[in-house]
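The values are calculated or read from the model by the stated rules, or taken from the named source; none is laboratory data. Note that this is a predicted model, so its numbers are computed, not measured. Neighbour counts run over all protein chains shown; Cβ positions are idealised from the backbone, glycine included. We work out accessible area using only protein heavy atoms, side chains counted, and drop any ligands, DNA or RNA first. Shrake-Rupley method; radii C 1.70, N 1.55, O 1.52, S 1.80 Å.
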Amino acid sequence: LYENFLFQLDADELDIILDAFEPWEVLPNTTVITQGDLNANYFYVIGNGCVEIFINDKLVAELGMGNSFGELALLYDAPRSATVKVSAKSAAKLWRLDRQTFKSILVNTHERELVQRVRFLSKVPILSQLSQVEKKQLAEGMTSVMYESGKHIIREGEQGGTFFVVASGEVSFLNRQGVEISSRGAAGSYFGEIALLKNDCRKCDVVTTQATKCLLLERKKFRQLVGKCEDILQRNMELYAQFKK
């Protein structure tokens with residue numbers, strides 16, 4: 001599924017999707033999909049065995065273990081474009097997922113993720129003056145990145161243009177000598193927030209201590225979503241005065 005465009009999801013989201021697949025043992029020569037059928041509700045992955053693809057009764061392809069078919073059924077209520085039959089040589093084990101379940105999972109996981117992101121952003125002092133709508137817009141604009149253990153996320157002295165929130169895992173904040181300079185950042189912690197306001201150099205190294213998922217927000221995206229940074233600064237001059245020097 002990693003190679004299928006529909007399943008470019010976070011690991012947590014993909015785990016939920018995988019749990020929703022149901023197994024189906026299919027006898028040899030069984031028709032799984034009929035070309036033109038309007039009842040196109042399932043997407044299939046081949047666990048073992050082989051299927052044959054026919055278009056206008058002409059064999060055009062054979063698919064084996066690990067291949068998938070019928071993905072457009074997860075997106076559109078449209079007629080099937082081909083007929084798919086299990087090979088007459090042997091039975092097959094298929095895994096299938098229906099459109100309604102697929103869409104419900106994506107909607108529900110997206111909503112939960114969005115609520116969590118807004119909660120994270122609400123903890124950041126320089127964003128405290130944003131409205132809930134603006135925080136939600138920023139949450140929508142964040143991207144998710146996984147880092148392996150021991151990975152440098154940022155290095156001291158680099159130009160900063162990205163703000164980070166730790167969604168899961170842990171990071172360590174180090175000086176140039178590799179000495180920790182503050183408590184470690186667990187889920188919900190954040191760093192690089194000044195990058196949303198100005199193009200300044202990073203003040204320390206940030207290194208993952210375990211596999212870590214971070215939410216990223218670029219300064220350019222920040223400006224696009226909530227306007228010029230100066231407008232945000234005006235809402236709480238006392239809080240932001242140090243960043244305007």
### Query
Considering segment 110-127 alone, what residues qualify as being part of a loop (DSSP other than H, G, I, E, B) and open to solvent by 50 Å² or more (accessible area, probe 1.4 Å)?
Lys123
### Query
Among Asn39, Asn29, which is open to solvent by 70 Å² or more (accessible area, probe 1.4 Å), on the phi > 0 side of the Ramachandran plot and assigned to a loop (DSSP other than H, G, I, E, B)?
Asn29
## Note on the structure
Taking segment 208-240 and keeping only residues that are in a helix (DSSP H, G or I), farther than 16 Å from Leu130 by Cβ and at pLDDT 75 or above, one is left with Lys220
### Message
So for segment 70-92 (the condition being open to solvent by 60 Å² or more (accessible area, probe 1.4 Å), in a strand (DSSP E or B) and touching a Lys or Arg at 6+ places or on another chain (Cβ under 9 Å)), does at least one residue qualify?
### Response
no
### Query
Restricting attention to segment 93-105, does a residue exist that is in a strand (DSSP E or B), aliphatic (A, V, I, L, M) and out of contact with any Gly (no Cβ under 8 Å at 6 or more places or on another chain)?
yes
#### Entry: Flag for Asp10 being of a type outside the set (A, V, I, L, M), under 31 Å from the mean Cα position of the chain (by Cα) and surrounded by 14 or more Cβ atoms within 10 Å (Cβ to Cβ)
yes
### Task
Within segment 156-207, work out how many residues are within 21 Å of Glu140 (Cβ to Cβ), open to solvent by 30 Å² or more (accessible area, probe 1.4 Å) and in a strand (DSSP E or B).
2
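Matching residues to (1) farther than 30 Å from Leu215 by Cβ; (2) in contact with a Phe, Trp or Tyr (Cβ under 6 Å, 6 or more places away or on another chain); (3) among the polar types (S, T, N, Q):
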position: Tyr2; (1), (2), (3): no, no, no
position: Tyr44; (1), (2), (3): yes, yes, no
position: Asn56; (1), (2), (3): yes, no, yes
position: Phe69; (1), (2), (3): yes, yes, no
position: Lys89; (1), (2), (3): yes, no, no
position: Leu97; (1), (2), (3): no, yes, no
### Message
For the structure I just gave you, tell me whether Gly150 is open to solvent by 20 Å² or more (accessible area, probe 1.4 Å) and either small (Gly, Ala, Ser) or in contact with a Phe, Trp or Tyr (Cβ under 7 Å, 6 or more places away or on another chain) (or both).
### Response
yes
